[in-house]
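Reviewing the structure listed below.
The values are calculated or read from the model by the stated rules, or taken from the named source; none is laboratory data. As the structure is a prediction and not an experimental result, all values here were calculated from the model. Every residue, glycine as well, gets a Cβ built from its backbone with ideal geometry; the counts of neighbours run over all protein chains shown. Note: areas computed on protein heavy atoms with side chains; ligands, DNA, RNA excluded. Shrake-Rupley method; radii C 1.70, N 1.55, O 1.52, S 1.80 Å.
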Amino acid sequence: MVLHTIDERNNVSMQMLQNSDLAGGIIFATEMTEKDMEQFLTLPFPIVALDNEFITLNCDAVAINNRMGTFQVIKHLVEKNHKRIGYFKCKNEISSFQQRAYGYQNALAHYHIFLKQQDVIHTSFTVEGSFKDVDAYLKEKQKGEIPTAFICDDDTIASGAIRAFQAHGYCIPEDIAIIGFNNRPMCQEIAPALTSVDVQKNALVKESVQLLLKRNDINV
């Protein structure tokens, strides 16, 4: 069973889960906080948190290495001779986004690239919202005043960013390189197709199920 955060608006209650005969649960925990997670640790069956890490809780979790993802993007861009690399950072405080930002900062330091705070632009987590945010950013900048490449927290942000750059006369990727994260289906629908960090979602779910089976002493 896949669980989501429970509050008064949900039809499922903690009491129902407490009295259920479930053998285990997978929680889609991308936007959850540790406080959100704590309520599930009282359940009488094992829980696995998917797509988040709760390092202060005694909780099984399966998540990608977000820091390594953005580090690898920086490595790729450095090999393409980019010397100033910006970051479109989501305004939403999601754990995976925070980890990606850490990876970006660590990679810049590793490659001795000075981090300019003005090159970290906070954007909305929608295509239209990120378009408006990047459009406003570009209206204040002249060509030559911005990085030659940008990493985005998510493909949704990258999609809006590409639209904004194109509206200002930039060619992608000739003038500006933009790289997304998650390899969503929209990557192939954008013109040009968006380069993105691939996340093996099926592998994450499979690993979560295998972990639950092991917790229940079921051979896999």
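Charge tally for LYS139 (other residues, Cβ to Cβ under 13 Å; Lys, Arg +1; Asp, Glu -1): -1. Residues in segment 148-154 carry Karplus couplings, in order, of 8, 8, 9, 9, 10, 4, 7 Hz; the curve used is 6.51 cos²θ - 1.76 cosθ + 1.60 with θ = phi - 60°, and Gly or Pro positions show x. Within the assembled protein chains, the solvent-accessible surface assigned to PHE97 is about 10 Å², based on a 1.4 Å probe.
If I compute percent of Cα pairs over 25 Å apart from the structure I just sent, which labelled value in (i) 37; (ii) 46; (iii) 52 lines up? For percent of Cα pairs over 25 Å apart, the calculated option is (ii). Note on GLN15/MET68: beta-carbon distance plugged into 1/(1 + (r/R0)^6) with R0 of 45 Å gives a FRET efficiency of 0.65.
Which value, in Å² rounded to 10, gives the accessible area of LYS214 with a 1.4 Å probe and all protein chains present? Its accessible surface works out to 120 Å², give or take rounding.
For the chain, carbon and sulfur atoms together expose 50% of the accessible surface, with a 1.4 angstrom probe and every protein chain in place. At 1.4 Å probe size, with no ligands or nucleic acids counted, give the accessible surface of TYR111 in Å², nearest ten. It works out to around 70 Å². Rolling a 1.4 Å probe over the protein heavy atoms gives segment 32-175 an accessible area of 49 Å² per residue.
Loop-located GluC sites (Glu not before Pro) across segment 60-152 with a Cβ neighbour count of 10 or fewer within 10 Å are GLU93, GLU140, GLU145, with loop assigned by DSSP.
Ordering VAL48, VAL205 by accessible surface, largest first, gives VAL205, VAL48; the 1.4 Å probe counts only protein heavy atoms, with every chain in place.
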